[in-house]
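Everything below concerns the one structure shown next.
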Amino acid sequence: MSIDFVHIIQRHKHIIGILYALFTSSILIGTLIPGSSLSEYEVFSYDKLMHLLAFMAWTLGTGICWRAYNDQRAPLKLLVVAPILFGIAIEVLQGILPTNRSPEWMDVVFDAIGTILGLLVYLLLLRIKDKKEGQNFEH
């Protein structure tokens, strides 16, 4: 017996959409709340790790949410461009909002690394799904 994950995702698309919106909101809140005492100049810190993990999960979530509402897989360009633009937008907001936070280009770098890792996980899951279904991997 095989589990049809696409059918399950599409059947529960409203729940997935709500979870995606909540996760997106939590990224915004987490990155826009007033600054902490973490050093801005550390190349790899808890903050950078959180950027990487959040954008890895958000990229994967974007692909899943897209599939919940569409009959086709998420375009790969979307899974790269949307998260990177989201990360840049966060840094711009940090620069203009009175949150005592300052924009950092290294945050965008770690957002991009997380995006690429999320994309790789997404592609791996598609490959596994396609192999189980006996289809050729196309994308």
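The values are calculated or read from the model by the stated rules, or taken from the named source; none is laboratory data. What you see is a predicted model; the values in this text were computed from it and never measured. Reconstructed Cβ throughout: ideal geometry from the backbone, glycine too, with neighbour counts over all protein chains shown.
In the stretch 79-106, which residues are surrounded by 14 or more Cβ atoms within 10 Å (Cβ to Cβ), farther than 15 Å from Ile27 by Cβ, hydrophobic (A, V, I, L, M, F, W, C) and out of contact with any Phe, Trp or Tyr (no Cβ under 7 Å at 6 or more places or on another chain)?
Across the stretch 79-106, the qualifying residues are Val80, Met106.
Out of the residues in the stretch 1-26 meeting the condition of being of a type in the set (A, V, I, L, M, F, W, C) and either modelled with pLDDT under 95 or in a loop (DSSP other than H, G, I, E, B) (or both), tell me which one is nearest to Asp71 (Cα to Cα).
Only one residue tops the list, namely Val6.
Out of contact with any Asp or Glu (no Cβ under 9 Å at 6 or more places or on another chain), at pLDDT 95 or above, within 30 Å of Ile33 (Cα to Cα) and not β-branched (Val, Ile, Thr): does that describe Leu97?
no
Contact list please: Cβ distance under 9 Å, first residue in the stretch 20-35 and closer than 23 Å to Gln10 by Cβ, second residue aliphatic (A, V, I, L, M) and surrounded by 12 or more Cβ atoms within 10 Å (Cβ to Cβ), pairs at least six apart or on different chains.
Sorted first by the residue in the stretch 20-35, then by its partner, the pairs are Tyr20/Ile64; Tyr20/Ala68; Phe23/Ala54; Phe23/Ala57.
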